[in-house]
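The values are calculated or read from the model by the stated rules, or taken from the named source; none is laboratory data. A quick note: this is a predicted structure, and the numbers were derived from the prediction, not measured. Glycine also receives a Cβ, built like all others from the backbone with ideal geometry; neighbour counts cover every protein chain displayed. These area figures cover heavy atoms from the full protein model, side chains too; ligands, DNA and RNA do not enter into them. Shrake-Rupley method; radii C 1.70, N 1.55, O 1.52, S 1.80 Å.
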Amino acid sequence: MLARTNSKNIKKELVIESPQKCPDAAASEAEVDSPIEVLAKPKLIEPIDYENVIVQKKTQILNDALRELLLFPYDDFQTAILTRQRPYICSTVPDNAEKEAHSLFVTECIKTYNSDWHVVNYKYEDYSGEFRQLPNKGTKLEKLPVHVYEVDEEADKDEDAASLGSQKGGITKQGWLYKGNMNSAISVTMRSFKRRFFHLLQLGDGSYNLNFYKDEKISKEPKGSIFLDSCMGVVQNNKVRRFAFELKMQDKSSYLLAADSEIEMEEWITTLNKILQLNFEAAMQEKRNGDSHEDDEQNKMDSSSSSLDSYLPEITKASRDSEIKFKSESRVKLFALDPDAQKLDFSGLEPEVKPFEEKCGKKILVKCHDLSFNLQSCVAENEEGPTTNVEPFFITLSLFDIKHNRKISSDFLVDLNHSTVRHMISGASHQFLNGSSDCLHRIKDIIPEVMLQYPKQGVFSVTCPHPDIFLVARIEKVLQGSITHCAEPYMKSSDSSKVAQKVLKNAKQACQRLGQYRMPFAWAARSLFKDASGTLDKNARFSALYKQDSNKLSNEDMLKLLADFRKPEKMAKLPVILGNLDITIDNVFPDIPNYVNSSYIPMKQFENSTKTLVTFEVEEFVPCIPKHTQPFTIYNNHLYVYPKHLKYDSQKSFAKARNIAVCIEFKDSDDEELLPLKCIYGRPGGPVFTRQAFATVLHHHQNPEFYDEVKIELPTQLHEKHHLLFTFYHVSCDNSSKGTTKKKDIVETQVGYAWLQLLKDGRVVTNEQHIPVSANLPSGYLNNQEPGMSKHSGPEIKWVDGGKPLLKVSTHLVSTVYTQDQHLNNFFQYCQKTDSGAQALGADLVKYLKSLHAMEGHVMIAFLPTILNQLFRVLTRATQEEVAVNVTRVIIHVVAQCHEEGLDSYLRSYVKYAYKAEPYIASEYKTVHEELAKSMTTILKPSADFLTSNKLLKYSWFFFEILIKSMAQHLIENSKVKLLRNQRFPASYHHAVETVVNMLMPHITQKYKDNPEASKNANHSLAVFVKRCFTFMDRGFVFKQINNYVSFFAPGDPKTLFEFKFEFLRVVCNHEHYIPLNLPMPFGKGRIQRYQDLQLDYSLSDEFCKHHFLVGLLLREVGNALQEFRDIRQIAISVLKNLMIKHSFDDRYASRSHQARIATLYLPVFGLLIENAHRIDVKDISPFPINAAGSSTKDEALSLPTPNPLVTPQKSVNTLDSNLHKDLFGAISGIASPYTSSTPNVNYVRNADSRGSLISTDSGNSLPERHSEKSNSLDKNQQTCTPGSSVVRCDKLDQSEIKSLLLCFLHILKSMSDDALFRYWNKASPSELTDFFTIAEVCLHQFQYMGKRYIASSGGGTH
């Protein structure tokens, strides 16, 4: 293996090794140790100081008629702020949130959601890709006009003769087809097709008829005929029937036919189109014949007026010139005819980058229609009104996933009771709930509360759909007694009118006394999806209504019941309540109207009317898995509270504590006089936000279980006093007054308190908690320590049951401004203390940075923009290198995690839209681009952690894109864009960029085998970065970096490194201002101001490569690559040709003068071709047999004597004279002739990277070389044409390579000015002239039209 050095000053030597014997040129890449020849590296040409040159030659440039080819435009790039497209009618961030927020993390999250997008626009970016991505490419494909050639006319005559020789009207095709109804007044349907036998017949006059019959007996009269003379075209038409095609006629009618298979259809279409083409060509020929008679008449008139020319010579000449100019400029672009240019290739397309957007999983619209039980009656006092349920029922809908054993949505509460039934509950109990002061939410300012009172439509979303997800409905009623007792009347199917009246009477009493308390009653479930792709199971219905078991209430119990849901034998054992639940599901259409999110903020399509049916978003509890997480885009701050279990069977503090109700409140103080906050989402029918929420009550249970969910809108800024307060009541279910009014009826008695502080170490307490219960609630209770602890200064607390943790409660946070991740929380807290690290102790900050590697993946994705913004802020304020390097390590970790989860699109969105460099204050902060470049260099050092450096290589695009955007924003925001290029950035940044290039290159050139993906990515990213540096930096400096890059490669490198090098050159040369970078202008000595005085360079002299740096470098590299193996040659030729195609198609350079000037940059291509003229072999493309030797196949050729392909070819015995024309193809195609001498069989090959190659050639295969005639050569610096190698290959170039090189040759020839061409001919030596015209003649044969027969016989290939 080649030993490489980091220093660009030390020349590398590449050992070319002996080949393994292998018949295929590209078959082997094995390394062999025996050295044969050492090739020196080509010397690097120092580029011009671009910025100084354009200043020195300012006058010359400004006076140039084509100055746009020499100057970058002033408005090349700009920064812009795009308004963030918000789907809601107002911001999701509360109005006062920014003022309230004290925590750095909360503040930064709010900034993220409020900020607009910051983008950098490159005005000419559409021109910075390859030719297929040009803005005008593909709008219209240029086509050649139809011509009739002699070779085809002769073939047609032969065919006509053969046709007339057969029976009259020779058959060309027949078969069964389906014929659509021909009457255009009737629409064609499947039924209207009739099966008919079609017969294509040629008549005596050469025209064609398509006859159709009922059967195959074509001797009868046809049922009908289609005259193809009147047909305009045949096209496929699958709208009505498969395999159908349409014949469009001149009278705008059409015939619709259909075949039995796609192959038959295509055969018919091809045959019919061929006939139409022949008809068209015949018509054109007739027209031409008519025109020629007119021309003869015109010529007579012209000759008579020739005397006028002598009087008006100038006018005549000018008109002829303009005609020639018009013809030349209206010609089809040469490259438009190249098959490669017509191929669609989307491999180079970058994915479209979109801003962050709120995405949901599979959405399901749930519509609630009705809940009816078998007990029905009229509940009105006067018994006038509809028959309804005899008491109110309440439904709670939620999703359960039995595969992952979890509840995956919040609750959707629905009240489907009739208005008369709703009035059974006294409204008095709502007064305290409603309170007087404002709630946290600004809902009242956005939407009338009455619209949100009775939800009936909800949208659930499921990120990971599968068949084991169930929609569960839990049904509750007003507290009355035990579940069994209350359900009994509903389970009988006997005469129910009397029972209904009795139940109604009891229900009315219960509703009056206990209207605010609920009890569990029944449940039902249904499946949602048919499969894992999210297909809705719309046929499924809700199960029977099962009686709720008071001992199986919890979500865990529900999941167990659902696990048996598809087992009929298990479900049959459950007691059923007679009734019907009518709830339907449907897919959700985009832009659903009247939609509010889970925080009740309406979407934009919202109709503010009380009659509007509002659709509610139901919050999904997305699994905490990175691949299912997305960066947060809106403000959301919800806490879900679940009281689960109270163990009160051992308590001695209270006499009665059986029907226990739990009241949940959210408070910001332990002062007993302060009301709880009005931030709890209310039940249907009540206020939207309340101060209290009650859990369901179980009759006569001392250890009750609960399944309730309480949803709370958290304040923006939480503090230590925020807590949940649980108050327990014993509810008296029996109305025991029995007619006496002396004793007041006591409904509820307090039987304990518990509280849970929300913040612990700055994070919200979540998951399951076990907390003690107190018998009293003194003021300042939060100061009290846990029971059993030592003495404290807080108030005296009377703990129930000795302070045991009797209450089990869990909380679930759904917040986009609070994180549960300890490491992230600690990092932001430390940054807040130290002004984002500006006043930090290095060691402490490094400790917190290192801990971020342990951050949870889903948290990292969710808060991605906020985290990256803070890391870049710390980077610019870091005072120690260790801090900067550790910041970069964390960024590398984050970027790698995103890629590994397949979420790199979020990083692209961040870079393009969200990243914004901090305001630059020279005395305080540094720039991101400089600090990041420096720390990248440190990480790329050989001594650094190789895992981190490999990740940096693999995902380097992100870091280079950040450098680019930071540079752009820095230049514009600090008005440095107005400065000269060499003054825009400090020397320290130039040094940092140069060091990054020099540190990156050894990784690319040495890791391509062990870590191919990382090397390839780093190479491409570096190319994109260098290309974009031309937009911002000193362009001479960027040229030097390209030289630095190229210095790490050498002739004979492995194929992979050649691929890297040419990929780099391809990307860089695709810069939108590639032409101005090459300065196509005169560089002669003295005061040469005019382009006409330019002494053109026709060779790759050092001067040419210096002044026209990029094109010179590319052509040198292509020249070197032509001395390599086929794969490498093809890569190099492809890059050159595609670049020239791009110039040809670029609408900025459409005029002939532009193309002529651009062509001067590529004149040295002539020299490259002439050098390799002996390798051009055209025997494969000749349609004529040259001699017997021409019949040998390529396979046979491999066994012919093989010369050394590296030696200088033997000079031919004869030069190209008159014999060339007698046996041109013998001379240039390699067939043995009397004028050539053979060389001995030398089985030898140069093998740069051990790919064996046995290439059979003969010196007679070559175009004659004239090295003896080089004295007058154009190339005075001949050594620079194939720098680094005196060895010239003699093996033949492939047909595809020859074709591509000749196309480039023809394009330059066509584009260059006449003056430039005459100068070339005057300057060239006789041998070079001969070779030039030989190559031109080879073009004639290479692209000769062989006729339709030849194309058909060769499989329709392009020739």
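Computed quantities for the displayed model
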| item | result |
| --- | --- |
| Search result, residues across the range 35-49 that are at pLDDT 90 or above and open to solvent by less than 30 Å² (accessible area, probe 1.4 Å) | Pro47, Ile48 |
| Conditions (1) more than 19 Å from Phe1025 (Cβ to Cβ); (2) among the small types (Gly, Ala, Ser); (3) in a helix (DSSP H, G or I): number failed by Ala944 | (3) |
| Complete set of residues in the range 638-679 that are within 44 Å of the chain's Cα centre (by Cα) and modelled with pLDDT of 95 or more | His638, Leu639, Tyr640, Val641, Tyr642 |
| In the range 839-862, the residues that are assigned to a loop (DSSP other than H, G, I, E, B) and open to solvent by 60 Å² or more (accessible area, probe 1.4 Å) | Gln839, Leu841, Glu856 |
| Filter result (out of contact with any Cys (no Cβ under 7 Å at 6 or more places or on another chain), farther than 15 Å from Glu619 by Cβ, open to solvent by 20 Å² or more (accessible area, probe 1.4 Å) and in a loop (DSSP other than H, G, I, E, B)) within the range 387-420 | Ile402, Lys403, His404, Asn405, His418 |
| Criterion (crowded, with 19+ Cβ neighbours inside 10 Å and at pLDDT below 90) met by exactly one of Ser1144, Ser1101 | Ser1101 |
| Residue in the range 553-575 that is at negative phi, in a strand (DSSP E or B) and either among the hydroxyl-bearing types (Ser, Thr, Tyr) or over 34 Å from the mean Cα position of the chain (by Cα) (or both) present | no |
| The range 70-107, residues that are under 30 Å from Cys679 (Cα atoms), in contact with a strand residue (DSSP E or B) (Cβ under 8 Å, 6 or more places away or on another chain) and aromatic (Phe, Trp, Tyr) | Tyr88 |
| Count of residues meeting criterion [surrounded by fewer than 22 Cβ atoms within 10 Å (Cβ to Cβ) and within 13 Å of Ile962 (Cα to Cα)] in the range 931-942 | 0 |
| Residue in the range 708-721 that is under 26 Å from Ala473 (Cβ atoms), open to solvent by less than 30 Å² (accessible area, probe 1.4 Å), assigned to a loop (DSSP other than H, G, I, E, B) and at pLDDT 95 or above present | yes |
| Pairs where the first residue, in the range 97-113, is part of a helix (DSSP H, G or I) and the second is of a type in the set (Gly, Ala, Ser) and crowded, with 22+ Cβ neighbours inside 10 Å, C-beta under 6 Å, 6+ apart | Ile110/Ala97 |
| Flag for Ala1023 being in contact with a strand residue (DSSP E or B) (Cβ under 7 Å, 6 or more places away or on another chain) and under 24 Å from Phe1125 (Cβ atoms) | no |
| Those residues of the range 1171-1184 which are at pLDDT 70 or above and open to solvent by less than 10 Å² (accessible area, probe 1.4 Å), in sequence order | Asn1172, Ala1173, His1174, Arg1175, Ile1176 |
| Residue check, Lys111 within 30 Å of Arg1035 (Cα to Cα), modelled with pLDDT of 90 or more and open to solvent by 30 Å² or more (accessible area, probe 1.4 Å) | no |
| Qualifying position, being crowded, with 16+ Cβ neighbours inside 10 Å and small (Gly, Ala, Ser), among Ser1353, Ser1311 | Ser1311 |
| Top-ranked residue in the range 744-764 [being touching a residue at least 40 places away in the same chain (Cβ under 8 Å) and closer than 16 Å to Ser732 by Cβ; ranked as surrounded by the most Cβ atoms within 10 Å (Cβ to Cβ)] | Val751 |
| Top-ranked residue in the range 1049-1066 [being open to solvent by less than 10 Å² (accessible area, probe 1.4 Å) and hydrophobic (A, V, I, L, M, F, W, C); ranked as nearest to Leu71 (Cα to Cα)] | Leu1065 |
| Positions within the range 423-461 being aliphatic (A, V, I, L, M), surrounded by fewer than 19 Cβ atoms within 10 Å (Cβ to Cβ) and at pLDDT below 55, in sequence order | Ala428 |
| Qualifying helices (runs of 4 or more DSSP H) (wholly inside the range 863-920; at least 1 residues being touching a residue at least 24 places away in the same chain (Cβ under 8 Å), over 24 Å from Tyr848 (Cα atoms) and of a type in the set (Ser, Thr, Tyr)) | 904-909 |
| Count of the range 600-635 residues which are open to solvent by less than 50 Å² (accessible area, probe 1.4 Å) and either farther than 17 Å from Ser91 by Cβ or touching a Ser or Thr at 6+ places or on another chain (Cβ under 7 Å) (or both) | 18 |
| Residue list for the range 937-961, filter: farther than 24 Å from Lys916 by Cα and of a type in the set (Gly, Ala, Ser) | Ser943, Ala944, Ser949 |
| Members of the range 1314-1337 found to be in contact with a Phe, Trp or Tyr (Cβ under 7 Å, 6 or more places away or on another chain), open to solvent by less than 50 Å² (accessible area, probe 1.4 Å) and in a helix (DSSP H, G or I), listed by number | Tyr1320, Leu1329, Phe1332, Ile1335 |
| Single residue of the range 569-600 satisfying the filter (among the small types (Gly, Ala, Ser) and in contact (Cβ under 8 Å) with a residue 40 or more places away in the chain) that is farthest from Leu545 (Cα to Cα) | Ser599 |
| Leading residue by the ranking (most open to solvent (accessible area, probe 1.4 Å)) among those in the range 50-86 that are of a type in the set (S, T, N, Q) and part of a helix (DSSP H, G or I) | Gln56 |
